[in-house]
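Only the coordinates and a few stated rules stand behind these numbers; no lab work does. These figures come from a predicted structure and were not determined experimentally. Note: ideal-geometry Cβ built from the backbone for every residue, glycine included; neighbour counts use all protein chains shown.
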Amino acid sequence: MQPKGSPSHEHWEKIYATKAPDSVSWYRPHLETSIALIERAAGSRSASIIDVGGGESTLVDDLVERGYENIAVLDISQTALDVTRKRLGAQAKKIRWILADVTQADLSEQSFDVWHDRAVFHFLTSKEQRVAYVRQVARSVKRGGYVIVSTFGPEGPVKCSGLDVVRYDAGSLHDEFGESFRLVDSSEEFHRTPLGATQQFLYCYCRVE
């Protein structure tokens, strides 16, 4: 059963089936802030990295180009994953593709050095859903590993893609994760959407203790 507050698979399939990859509001040609934080977190090019909600994002392309060898991309939409697979061509064989709701995915224990999520967590509007997400992170990220989560900031939108979202500042986002995640750094970024609107994003960078 899908936990209460979970965006549905059908909703996201419709979004990705009807919109071009570069027309969705969160599209950015390159996720510069995410890349910089992953470079900071990953000890080597063999570090195990998961991009949660990676869908049609170009982050995986940029990580492959930088020589990272152990990348997983998780998304709830098969359409989104297929688009990125096709775009990567032969390089797609190097990636582990995971079709799943992140709160229910079968992720191996202590398997990732770096967890990255840009714009998934803020869609989890129920406490039950957020607890399930944090449980997955705590279980699957290695001790000493890093968690990078980006959500809408305090001045960000209250809805996205027809769904309600939860906005955070660094303190409230870190509170969702708890003391076993040490907040190393946080920053805010103003993202310009393809239609010219501006959205405030918050990035939190934590170490798993």
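The table below gives the values:
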read-out	value
Relative contact order %, the range 81-169, counting alpha carbon pairs below 8 Å whose residues are six or more apart	30 percent
Within the range 79-167, GluC sites (Glu not before Pro) in DSSP loop having at most 16 other beta-carbon neighbours inside 10 Å	GLU109, GLU155
Choice from ALA17, ALA197, ALA72 showing the highest fluctuation, given a GNM over the chain with Cα pairs closer than 10 Å	ALA197
Hz values of 3J(HN,Hα) by residue in the range 58-67 - Karplus curve (6.51, -1.76, 1.60), Gly and Pro given as x	8, 4, 4, 4, 5, 5, 4, 4, 7, x
Taking CYS206, CYS160 and counting other C-beta atoms within 10 Å, the order from fewest to most	CYS160, CYS206
Least to most buried among HIS174, HIS116 (fewest other Cβ within 10 Å first)	HIS174, HIS116
Average Cα contact separation per residue, the chain, under 8 Å, 6 or more apart, as relative contact order %	21 percent
GNM result for the chain, Cα springs below 10 Å: residue of LEU195, LEU88, LEU74 fluctuating most strongly	LEU195
Nonlocal amide H pairs with GLN110, under 5 Å, H built at 1.01 Å	SER140, VAL141
Sequence-distant residues sharing a close amide H with ASP185 (under 5 Å, placed H)	TYR205
Built amide H within the under 5 Å cut-off of GLY145, gap 5+	VAL208
